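The values are calculated or read from the model by the stated rules, or taken from the named source; none is laboratory data. As the structure is a prediction and not an experimental result, all values here were calculated from the model. Here Cβ is always computed from backbone atoms with ideal geometry, including for glycine, and neighbour counts include all displayed protein chains.
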Amino acid sequence: MRRVIILCFLIIAVLSTQLVSVNALEPDTREALKFTKPPTIDGTISAEEWGDPTVKGIKHGEPSNAIAKDSSQDITFDVWVRWDDNNVYIALQTPDEKLINLNTGELMWNGDAVQLEVDPLGNWQSQGKSDYTYVSENAREIVYSNNSNDHKAQAWCYTLGGEPEGEYSISNVDGTTTYEISIPWSFFDVDGPGEEIGLTIALLTCSSYTYDGWLEYGSGCIMEKAEEDKSGNNKIVLSETEFTPADTYTTFNPTPSPTPEETDDGSDGDTEKGGVDPVVIIVVAAVAAIALIVIIIIIRMKKKK
Ligand SMILES: [Ca+2]
Ligand SMILES: [Ca+2]
């Protein structure tokens, strides 16, 4: 009888440790709908084009593996994940007064930016472990931002070095920043979509010159994150449930009116594009006239000699 009781205790003890470890390894799991036709990658998204967000209202602690630089930081974003036989599609929207990024290439994390880690083979197994315990050779870490100097969307792949394949567009309209991205499966060196992917998304925020905050959903992009906050990738199941973009939906307005700030400092205003400043013409003419007078005086003095 005593042996039976001890055996029962042992079985219960083993089962309970199994349950705990299963819970600890369970990644945040979501379903990505399948696009029946690709969206327009123009930095403008709507319910008609993309449907409902895959994860809405992400902020520190919601879901539990969403961690902000400072837990009191008021950063939030919505994420859409879609797929088809050619690409994985990711969109992100966040409240943002001004889109700022003064950096390029591998330094563009230091400003308003979105960093992705996409692992077509998963890597959600890294729950609670170092971020790179299970990362596959097919994983790609990529950063996207809008360059404040030329106002163009730019991207950099940390894993391979250089620009990633695919399309991307970023906009900031009426206090909302939108990132709209597609990445071909071939960029991950896989033949096509599998049944699920590992995905981590980090939003870096900036309101002056350098980044001032971040919010990461999943783990693997933000290097300064505390070890106990690391959770591995989220598990995105590539669902066969389809989403069809409407026949017509809102697209990017190619002629947005300039912001007052841009016209005030003249850097992007009409005066610079309109030709040479009149003051410059007067100064050049005056210098030329003085030079001519000096030359005439020198010639006359030589003739007198
Ligand atoms: Ca669009
Ligand atoms: Ca900003």
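Details
- Taking each residue of region 95-114 that is free of Cβ contacts under 8 Å to residues at least 12 places away in the same chain and looking for partners that are within 16 Å of ligand 1 (Cβ to nearest atom) and not charged (D, E, K, R) with beta-carbon atoms closer than 8 Å, six or more apart or interchain, yields nothing.
- Scanning region 234-250 turns up no residue that is small (G, A, S) and modelled with pLDDT under 90.
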